[in-house]
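A.B. asks: Following this message is one structure expressed as structure tokens.
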Amino acid sequence: MSRKKSGTGGWFLFWLAFAGGILFLFALNLERIKTTVERTGALEFLAQRRQKKEEAPESRETPPEPLEAEALPPEPEAETAGEIPPEEAPDEGPSPENPRMVNRLVYLLKVDNTGAILWNRVARSLPASDTPMRDALNALIEGPSAEEEKRGFISLIPRNTRILSAAIRDGTAYIDFNEDFLFNTFGVEGYIGQRRQVVLTATEFSTVRDVQILIEGRRVDYLGEGIWIGSPINREML
């Protein structure tokens, strides 16, 4: 027990003597250390660094400004059933390709995947004449071109239909067809469609307000099963 205490006391005296020796050496070389520090400017460097750190504003990360959402082009409008308003029709007049030709508009239709009927105005370049409405109606009777048929255009005007006469009096177009105009193989929808095609095509002319359909020079009350043609028909009645 006494031997353990004497060993511990010996180590304590050793470390005490060692620390005293270090302090003694530091005191002897104090002037040399001071001279070295002054020559290298270490104290000034540390002081400047501390001052800059104190003066520097607290750094804060600035959040990025939110990006503006890119404007999307407007979605194109879906083709809707019904006629195109007449004011959107191209101007009638000389064809740019041939001054002796004029542009006339006729009405054809498509049937989309849902079965809806889509009415379309189609331009026809026709020779200029003194009977423009009759010319347009004859172009309507001819039906769609081969290219238009590929694009799905059809006409509901009965086959072998012919115009016997056409005249305009006091805003009413009197259009006389042969008897083939009475027989439509498409049924009720066909009769509705053929009447609409004739009235819309004729009323593209500013001098025509409504249309009186005649058959072989006489008035007939109905097309097929109840499609009225016994009096002048305008666009609002279609």
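A.B. asks: Please work out if Asp170 is without any contact (Cβ under 8 Å) to a residue 60 or more places away in the chain and over 38 Å from the mean Cα position of the chain (by Cα).
C.D. replies: The answer is yes for Asp170.
A.B. asks: Further question: I'd like the residue in the range 113-150 that is free of Cβ contacts under 8 Å to residues at least 24 places away in the same chain and charged (D, E, K, R) and, out of all such residues, is surrounded by the most Cβ atoms within 10 Å (Cβ to Cβ).
C.D. replies: Residues of the range 113-150 free of Cβ contacts under 8 Å to residues at least 24 places away in the same chain: 113-115, 124, 129-130, 141-142, 145-147, 149-150.
If we keep only those that are charged (D, E, K, R) too, we end up with 124, 130, 142, 147, 149-150.
Working: Arg124: 18, Asp130: 6, Glu142: 12, Glu147: 8, Glu149: 13, Lys150: 9.
In this case the residue turns out to be Arg124.
A.B. asks: Turning to a different aspect of this structure: So for the range 160-183 (the condition being touching a Pro at 6+ places or on another chain (Cβ under 7 Å), surrounded by fewer than 17 Cβ atoms within 10 Å (Cβ to Cβ), hydrophobic (A, V, I, L, M, F, W, C) and under 29 Å from Asp112 (Cβ atoms)), does at least one residue qualify?
C.D. replies: Among the residues of the range 160-183, at least one is touching a Pro at 6+ places or on another chain (Cβ under 7 Å), surrounded by fewer than 17 Cβ atoms within 10 Å (Cβ to Cβ), hydrophobic (A, V, I, L, M, F, W, C) and under 29 Å from Asp112 (Cβ atoms), which makes the answer yes.
A.B. asks: Sticking with this structure for a sec: When only residues in the range 93-126 that are farther than 26 Å from Val208 by Cα and either within 29 Å of the chain's Cα centre (by Cα) or of a type in the set (Phe, Trp, Tyr) (or both) count, which is modelled with the lowest pLDDT?
C.D. replies: Initial filter on the range 93-126 (farther than 26 Å from Val208 by Cα): 97-98, 111-116.
Still in the running and either within 29 Å of the chain's Cα centre (by Cα) or of a type in the set (Phe, Trp, Tyr) (or both): 111-116.
Details: Val111: 86, Asp112: 85, Asn113: 86, Thr114: 88, Gly115: 82, Ala116: 86.
Among those that are farther than 26 Å from Val208 by Cα and either within 29 Å of the chain's Cα centre (by Cα) or of a type in the set (Phe, Trp, Tyr) (or both), it is Gly115.
A.B. asks: Tell me which residues, restricted to the range 184-238, are crowded, with 20+ Cβ neighbours inside 10 Å and either of a type in the set (A, V, I, L, M) or farther than 26 Å from Phe153 by Cα (or both).
C.D. replies: Val198, Val199, Leu200, Ala202, Val211, Ile213, Leu223, Ile229, Ile233 - these are the residues of the range 184-238 that are crowded, with 20+ Cβ neighbours inside 10 Å and either of a type in the set (A, V, I, L, M) or farther than 26 Å from Phe153 by Cα (or both).
A.B. asks: Asn178: without any contact (Cβ under 8 Å) to a residue 60 or more places away in the chain and in contact with a helix residue (DSSP H, G or I) (Cβ under 7 Å, 6 or more places away or on another chain), yes or no?
C.D. replies: No: the conditions fail for Asn178.
The values are calculated or read from the model by the stated rules, or taken from the named source; none is laboratory data. None of the values given here were measured: they were computed from a predicted structure. As a convention, Cβ positions derive from the backbone with ideal geometry for all residues, glycine included, and neighbour counts pool all protein chains shown.
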